[in-house]
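Notes for the one structure printed next.
The values are calculated or read from the model by the stated rules, or taken from the named source; none is laboratory data. Keep in mind it's a predicted model, so treat the numbers as computed, not measured. For neighbour counting, all protein chains shown are included, and Cβ atoms are generated from backbone atoms with ideal geometry for every residue, glycine included. Ligands, DNA and RNA are stripped out before the accessible areas are found, and what is left, the full protein with its side chains, is counted by its heavy atoms. Shrake-Rupley method; radii C 1.70, N 1.55, O 1.52, S 1.80 Å.
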Amino acid sequence: MIIEQMSTTEFDVLVIGGGITGAGIALDAASRGLKVALIDMQDFAGGTSGRSTKLIHGGLRYLKQFDFKLVAEVGKEREIIHRIAPHLTHPEPMLLPIVKGGSLGKFSTRIAMWIYEWMAGVKKEEGHKLLNREETENAEPLLEKKNLLGGILFYEYRTDDARLTIEVLKEAAIRGVSALNYTKAISFCYENNKITGAIVQDQITEQEYTLKSKYIVNASGPWVDELDDLEIYKSPHKLQITKGVHIVVDHKNLPIKQAVYFDALDKRMIFVIPREGKTYIGTTDTFYTGELKNPQITVEDKEYLLRCVNTHFMGKPLAPEDIESGWAGLRPLIRKRGKGPSEISRKDELFESESGMIIIAGGKLTGYRRMAERVVNLIAKKINTQPNKKIGSCITDKISLSGKEFSSDYDFQKFNNDFLSNGSEHGLSQKESELLVYRYGYHALKILAIIENLNKIEQNELPVLLRAQIHYCIEHEMCMNADDFFTRRTGMSYFDVESANQNKQMVKEYILNLIHQ
Ligand code: FAD
């Protein structure tokens, strides 16, 4: 068993948390030659990293908070992530309507846009465009016209947050990282008051093991304070958690032509984004003190989002019954007294506990690579003070993520086009082929090979496309159960909930059979 092997090794770095932050740190550390282990008590991306707005974005709204450093950093990162994982990041045109009495004026927004694009190094072809009222109405005919003055069209990148996390982890595994999901850190070991390892518990067998490591990183997102509490020297709590909810409706019920980012009733910004035949809406931002694993969507959350949309879009108003699915995520923000939920900075911060545990808190999906760089730089600095040790600098901006075997955007488009005909020879529709490419990148070819094999060797009521993905996800992505598959490997729990519900029982049984074979 992997865990037994891990418990006989001394690692350089043990990362606790398999969200995007931990995944990024593991990849960065391994690519600099360190021996790395990573554990997560749930599935990878089972925390906030599977529950975001699913955008690699430049953080335009942080300009409102004068957070220039964050804007510049995440803006540049957008470009890098698109380059290293084009299959997981697609340019998404966004319309920002400007309305009379809104918090964004035409002139000030334009200036903000110029500053933003300059700081973020936005490509010329993806620069913003100012639209007059008529052009704005044409761009999105469903927008409420009363008070509409015009709009600004700009670009963000759409992603699948959980898949991004998993592809970072797969790339880390290729570089030697031992990663395990469903493995929880329950206490720590010390020598001379310095932290030297973690006692971890397999969440399936309940068996406990000790993992030894020279450096331990707490990258547990909303659980950062809980993990701190397990230490013998407790440190002051760092987090202020806020909850963000998204809801999903059928695209037919809110048939927007394109993504819109609008100023809501309370001057907060809300996204409405078309995706895979659905439209998703988010997010709320409210202080949260409840249970961390499964934050719930309340009636108030739904009412707030529906009210925002129904006020700003025309057509048949959305009702609670129209909501097909949704998710609630927790923002692990750094505590700042006297600030409202949306005013707290999304910046990350690094801390060290008295025993030497390195703690990273706050941050954004988009900034994961730079956060990882800062953590590993700190470790490298400590190692480099020792005789005959030299850890190099960060190279992850040059490491393509697992699934990217394309040297350029053109290559990716060519692969995509070729795959469509390849897919159709295997009985896949255009939509199914596209979904596979955007989900698995180059590995979509492996799914086709599995389909071919399964068609030869088994007959099963469960569609072969699902079976093939299950095989792939179990073999290459540590998928353990139906929720891992439907929520974080395919996103079907959100964007194809009907098919997910219809096949849930069969998928459960199929996965169980494969795992116990
Ligand atoms: P997590 O993803 O929560 O990972 C922490 C992991 O630690 C969890 O998987 C958990 O199971 C594990 N863990 C905890 N305790 C233990 C333990 N004892 N042992 C083992 N494992 C443990 N950012 C963007 O860039 N773009 C967006 O569009 C965006 N939208 C957002 C929308 C919402 C509603 C929210 C809440 C956030 C959004 N963010 C966005 C921010 C981004 O999602 C987060 O900053 C990021 O996902 C945090 O990742 P993380 O790895 O730090 O935490």
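Overview of results
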read-out	value
Relative contact order for the stretch 28-156, counting Cα pairs under 8 Å that sit 6 or more residues apart, in percent	28
Cα-centred dipole magnitude for the stretch 112-263, charges only on beta-carbon of K, R (+1) and D, E (-1), debye, nearest 20	240
For the stretch 217-232, Karplus couplings with θ = phi - 60° (6.51, -1.76, 1.60), whole Hz, Gly/Pro x	10, 8, 10, 9, x, x, 8, 3, 5, 4, 5, 4, 5, 6, 6, 5
Free-standing Cys, the chain [no other Cys Cβ under 4.7 Å]	Cys189, Cys308, Cys394
The chain, accessible surface, carbon-and-sulfur percent (1.4 angstrom probe)	52
Charge dipole (the stretch 190-342, unit charges on Cβ, about Cα centre) - positive-most of Asn253, Leu265, Asn218	Leu265
Length-normalised contact order of the chain in % [C-alpha pairs under 8 Å, at least 6 apart]	19
Percentage relative contact order, the stretch 367-475, counting C-alpha pairs under 8 Å, at least six apart	16
Amide H within-cut-off set for Gly150, under 5 Å, with H built and near neighbours excluded	Ile98
Under 5 Å, built H, 5+ apart or other chain: amide partners of Tyr190	Thr196
DSSP loop chymotrypsin sites (Phe, Trp or Tyr not before Pro) with at most 14 other Cβ within 10 Å excluded, longest remaining stretch of the chain	234-517
Neighbour cut-off at most 15 other Cβ (10 Å), DSSP loop, GluC sites (Glu not before Pro), the stretch 438-517	Glu458, Glu461
Accessible solvent surface per residue of the chain, calculated while the other protein chains remain in place, 1.4 angstrom probe, Å²	43
